[in-house]
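Novice: Quick one: the structure is below, and I'll ask about it shortly.
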Amino acid sequence: MALIVQKFGGTSVGTVDRIQEIAKKIKRFRGEGHDIVVVVSAMSGETNRLLALAEEMQSQPKPEELDVILSTGEQVTIALLAMALENLSCPARSYTGWQVAVRTDSHHGKARIQEIDTHAILKDLAEGRVVVVAGFQGIDGEGRITTLGRGGSDTTAVALAAALNADECQIYTDVDGVYTTDPRIVESARRLDKITFEEMLEMASLGSRVLQIRAVEFAGKYQVNLRVLHSFQDGPGTLITLEEQTEMEHPVISGIAFNRDEAKLTIKGVPDIPGVASRILGPVSRANIEVDMIVQNVSADQTTDFTFTVHRNDYQRALEIVSQTCKSLGAREFDGDNKITKVSIVGVGMRSHAGVATKMFETLAAEGINIQIISTSEIKVSVVIQEKYLELAVRALHSAFELDQDVALRTENRIGKLD
Ligand code: ADP
Ligand code: ASP
Ligand code: MG
């Protein structure tokens, strides 16, 4: 008998029928003697609908009020699931985030969980009930409702699993695990049996939305056993693991991630003097715009070009800021492009292998794809390319690094064989 936290995403609770299916599955787990805490998302499309509704009222709603409206999506699904369980004579009780309480900081729209009160949940479990908790939401020190950022129900589940010291946290979704890349883009993508926390963290932060990045951070920090599984198909799913696999079976590249949400801005002919980077990026960060990649070229004629990327939603605001900075710095000109994509290859095996980036660049060149920005870390290489080449680039890289083959059959993308 184990304590299991199970999270069901938006499509898995997208209709009343699906919620009934999920309830049957949960009842089966109960029948095996396990204690179950369930975290649910809003029905698919609901969070976007609520967002659009708020924006119809106000072009830039206050984050505090936006959180009040966005949190209602999950409140609907917890009640529906609790009712579906009761229909099956499986005692259940629903909790909103603030009823639990899931305590967070006050960063509305991207709040961080600080503490979870597990008293009520433990009492319910002891009394034989399934506990159904609304994902994505919490309460701050002022007693105001907060939300955890898009995809935040994953984080609720992992944080609850950590707080309850659960035996496993199972993330049920519309794919049967974590794949070498998004299976909706590359048909030959393969499910991974295991992936390390480190790799999953990079994949999540580089755009694979299968798990929210903070969920992976939490799982790594509190050593939560985390598995991604299909809601309606049986199978082993993917285990997110602390251990690295044995050398010979570990690939150099484990996966490919991409992010369509980026936009790039460039100021050209900036005087090459101390303090320029802070004068360009200072006003951007003061406007609460997060900057991702930053590139400054070597100077020619005492001037340089400065490029950075932001989330596409912040593009227009960032352009306005940059136009002001361009004037005040006496730079030559500025421009921007919001039709770009970042494509990244990820793998812990990169640490011990040379030539990985070169292979990536050669593969893109062979397809005639121009690279606009490059950035690297110990276990990833990212490139910015034109958005229209996204699918071509991901497919070409997937096949060049032999990700469509079983690890044992790969000739190059395997530790011990490259170089
Ligand atoms: P949920 O609503 O269950 O939280 P999400 O849409 O947030 O589901 O995440 C699941 C989706 O993530 C899949 O449908 C898939 O298209 C996408 N995805 C992106 N990259 C990957 C990957 N490497 N492996 C699996 N799924 C991925
Ligand atoms: N409903 C929220 C979203 O759509 C949270 C989640 O699904 O994890 O982002
Ligand atoms: Mg999700």
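Read-outs: derived from the displayed coordinates by stated rules, not from any lab. A quick note: this is a predicted structure, and the numbers were derived from the prediction, not measured. Here the Cβ positions follow ideal geometry from the backbone for every residue, glycine too, while neighbour counts run over all protein chains shown.
Novice: Relative to the first principal axis of the alpha-carbon coordinates of the chain, what is the inclination of helix 72-87, with its axis defined by its Cα atoms, in degrees from 0 to 90 and to the nearest 10?
Specialist: 30 degrees
Novice: Tell me, what HN-Hα J-couplings in whole Hz come from the Karplus equation 6.51 cos²θ - 1.76 cosθ + 1.60 at θ = phi - 60° for each residue of the stretch 348-365, using x for Gly and Pro?
Specialist: 5, x, 4, 3, 9, 10, 8, x, 5, 5, 4, 4, 4, 5, 5, 4, 5, 4
Novice: Then there is this: Would you grab the residues whose amide H sits under 5 Å from the one on Asp292? Only those 5+ places off in sequence or on another chain, please, with H modelled 1.01 Å from N.
Specialist: Thr309, Val310
Novice: Still on this structure: Take Glu199, Glu115 and order them by how many other Cβ atoms sit within 10 Å, fewest up front.
Specialist: Placing the least packed residue first, the sequence is Glu115, Glu199.
Novice: Against the longest principal axis of the chain, how steep is helix 46-57, in degrees 0 to 90 to the nearest 10, with axes from Cα atoms?
Specialist: Here the helix axis deviates by roughly 60 degrees.
Novice: Another question, if that's okay. Under the Karplus relation 6.51 cos²θ - 1.76 cosθ + 1.60, θ = phi - 60°, what is the ordered set of whole-Hz ³J(HN,Hα) values for the stretch 408-413, x standing for Gly and Pro?
Specialist: Those phi angles translate into 5, 8, 5, 8, 10, 7 Hz.
Novice: Work out from phi, with θ = phi - 60° and the Karplus expression 6.51 cos²θ - 1.76 cosθ + 1.60, the ³J(HN,Hα) of each residue of the stretch 263-275, listed in order in whole Hz, and give x for Gly and Pro.
Specialist: 9, 10, 10, 10, 10, 9, x, 7, x, 8, 10, x, x
Novice: Amide H neighbours of Thr146 under 5 Å, at least 5 residues apart or on other chains, H built in the peptide plane: list them.
Specialist: Gly138, Ile139, Asp140
Novice: Now for a separate question. Hey, fewest Cβ within 10 Å first, where do Leu229, Leu192, Leu53 land in order?
Specialist: Listed from fewest to most nearby Cβ atoms, that is Leu53, Leu229, Leu192.
Novice: Can you give me the long-range amide H partners of Val39? Hydrogens built in the peptide plane at 1.01 Å from N, cutoff under 5 Å, separation of 5 or more residues or another chain.
Specialist: Result for Val39 returns Gln6, Lys7, Phe8, Val133.
Novice: Among 310-316, 175-181, what's the highest-first ranking by average C-beta atoms within 10 angstrom per residue?
Specialist: My ranking of the peptides, most packed first, is 175-181, 310-316.
Novice: Another question about this same structure. Using Cβ contacts closer than 10 Å as the measure, can you line up Met293, Met350 from fewest to most?
Specialist: Ordered from fewest to most neighbouring Cβ atoms within 10 Å, Met293, Met350 come out as Met293, Met350.
Novice: Please work out the FRET efficiency for the pair Leu3 and Ala365, using the Cβ-Cβ distance as r and a Förster radius of 51 Å; give the result to the nearest 0.05.
Specialist: So, using R0 = 51 Å, E works out to roughly 0.45.
Novice: Looking only at Lys380, Lys194, Lys388, which one moves most when the chain is put into a Gaussian network model with springs between Cα atoms under 10 Å?
Specialist: Evaluated over the chain, the most mobile residue of the options is Lys388.
Novice: Sticking with this one: Would you mind telling me which residue in Pro274, Pro63, Pro91 has the biggest mean-square fluctuation in a Gaussian network model of the chain, where springs connect alpha carbons within a distance under 10 angstrom?
Specialist: Pro274
Novice: Using a Förster radius of 51 Å, what is the FRET efficiency between Ser399 and Tyr222 based on their Cβ-Cβ separation? Nearest 0.05, please.
Specialist: About 0.85, to the nearest 0.05.
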